[in-house]
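Notes for the one structure printed next.
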Ligand SMILES: Cc1cc2nc3c(=O)[nH]c(=O)nc-3n(C[C@H](O)[C@H](O)[C@H](O)COP(=O)(O)OP(=O)(O)OC[C@H]3O[C@@H](n4cnc5c(N)ncnc54)[C@H](O)[C@@H]3O)c2cc1C
């Protein structure tokens, strides 16, 4: 295998919701940008998790919102998704508004944003695995790619890996909630061949699963599992609730739980007879991972009191949504019609000068993460991190 070197101005690690926006934003401002993604596709958790709604896009009040709370790339993504599926419109679920989408459309929109874009190179199937620092600066990020190892020499790095991979490898300070208090993780799979005409299926599935848990036919941690019929006829998507773990066998265990759950429903519920699992996620999705120690840490109080900041760069109105291991999903809402801001200081690592973060790994408390981690907010954070990184390169060039 070859070992090569490559320089760039901005290195974005991770091509999920935040990383795509970061790469588009940094390259759009003229910075020579490299995006590395360990998977073979863009979209990260949103695609791997078979999500159906973009959350964190709108203000929540009685009136249906006309537009997204943040302008820029999130608004661009929303309008491109709506153009691809005009029948899909902003939808109210409980007290919040979301934008439904189809996985294939999100993939297409993300792909179109980064395809042949000037100043941007994208490397798929490429995983950052080693970081060399000198004093408090990242000098090299080594990447394992299909063509061998590449030593990337960036001016600035954006950690958009969701799991804080670069934060950890660079020795930057971080916070990680202890496993027992961490939010529930999840595992998604798709089922086809359901019989039509069962309008109550999304209510029946949790009911039957609870019964199976009571009878000890399924493990207790699956009790907060959700199921939604998908947009295609006879199809549905499961999100199994999984106890957070750092075990390397987590995907194998989740796959076995998925098969057990499906097998039980085939035997117990007539709508599932003749159905089969057609897609299983390649990873367990963590709601919570490593969060950088930034120049400011956003708190639950900042969220609920709708605090604004002089360096506020992203607006958000999503509630604090915590998936508690014992109680399941718990919500704390902002006042209707209000929003809070996320300051740029939450995106900047405190002790590594050329490291910014976006998406799930910004500097927030365990509770505040319950609000900031949704896709719409992650995209807006990515855009701002990309902007800050491009500005950092320009300022260094002028020194
Ligand atoms: C069960 C569950 C359901 C959810 N439902 C919704 C929902 O309905 N709507 C919503 O808006 N949000 C939802 N969320 C939240 C949302 O999916 C994520 O928090 C958000 O997408 C995170 O975006 P991100 O860019 O920070 O990370 P991710 O989307 O996780 O992207 C990180 C990317 O980095 C890549 N990567 C990781 N390590 C490396 C490495 N070493 N080198 C290179 N690449 C790397 C990964 O492959 C991935 O593509 C849900 C989350 C969970 C867990």
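Counting only helices (runs of 4 or more DSSP H) that sit completely within the stretch 103-219, those holding 1 or more residues that are closer than 27 Å to residue 348 by Cα, assigned by TED's automatic domain parsing to the domain that holds residue 79 and touching a residue at least 12 places away in the same chain (Cβ under 8 Å) correspond to 103-114, 165-170.
Restricted to helices (runs of 4 or more DSSP H) entirely inside the stretch 1-101, those with at least 1 residues that are buried (at least 23 other Cβ atoms within 10 Å of the Cβ) and more than 9 Å from the ligand (Cβ to nearest atom) are 17-28, 73-84. None of 389, 380, 368 is within 13 Å of the chain's Cα centre (by Cα) and within 16 Å of the ligand (Cβ to nearest atom) except 380. Answer yes or no as to whether residue 346 is over 18 Å from residue 55 (Cβ atoms) and within 16 Å of the ligand (Cβ to nearest atom). When the stated conditions are applied, residue 346 passes them. Of the numbered criteria (1) within 11 Å of the ligand (Cβ to nearest atom); (2) under 19 Å from the mean Cα position of the chain (by Cα); (3) surrounded by 16 or more Cβ atoms within 10 Å (Cβ to Cβ), the one residue 125 fails is (3).
Please go through the stretch 323-339 and give me each residue that is under 16 Å from residue 239 (Cβ atoms) and in contact with a strand residue (DSSP E or B) (Cβ under 6 Å, 6 or more places away or on another chain), ordered by number. Scanning the stretch 323-339 gives 323, 324, 329.
Residues in the stretch 283-308 that are outside any strand (DSSP E or B), within 16 Å of the ligand (Cβ to nearest atom) and farther than 16 Å from residue 244 by Cα: 303 only.
Report, by residue number, each residue of the stretch 349-363 that is more than 12 Å from the ligand (Cβ to nearest atom) and under 17 Å from the mean Cα position of the chain (by Cα). The answer is 356, 363. One residue is enough: does the stretch 136-155 have a residue meeting the conditions surrounded by fewer than 22 Cβ atoms within 10 Å (Cβ to Cβ), under 30 Å from residue 259 (Cα atoms) and out of contact with any helix residue (DSSP H, G or I) (no Cβ under 7 Å at 6 or more places or on another chain)? Scanning the stretch 136-155, I find no residue that is surrounded by fewer than 22 Cβ atoms within 10 Å (Cβ to Cβ), under 30 Å from residue 259 (Cα atoms) and out of contact with any helix residue (DSSP H, G or I) (no Cβ under 7 Å at 6 or more places or on another chain), so the answer is no.
A quick yes/no check of all residues on (1) assigned to a loop (DSSP other than H, G, I, E, B); (2) at pLDDT 95 or above:
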residue: 310; (1), (2): yes, yes
residue: 313; (1), (2): no, yes
residue: 318; (1), (2): yes, yes
residue: 330; (1), (2): no, yes
residue: 369; (1), (2): no, yes
residue: 376; (1), (2): no, yes
residue: 380; (1), (2): no, yes
residue: 399; (1), (2): yes, no
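The values are calculated or read from the model by the stated rules, or taken from the named source; none is laboratory data. As the structure is a prediction and not an experimental result, all values here were calculated from the model. Positions of Cβ are generated from backbone atoms using ideal geometry, with glycine treated the same way; all protein chains shown enter the neighbour counts.
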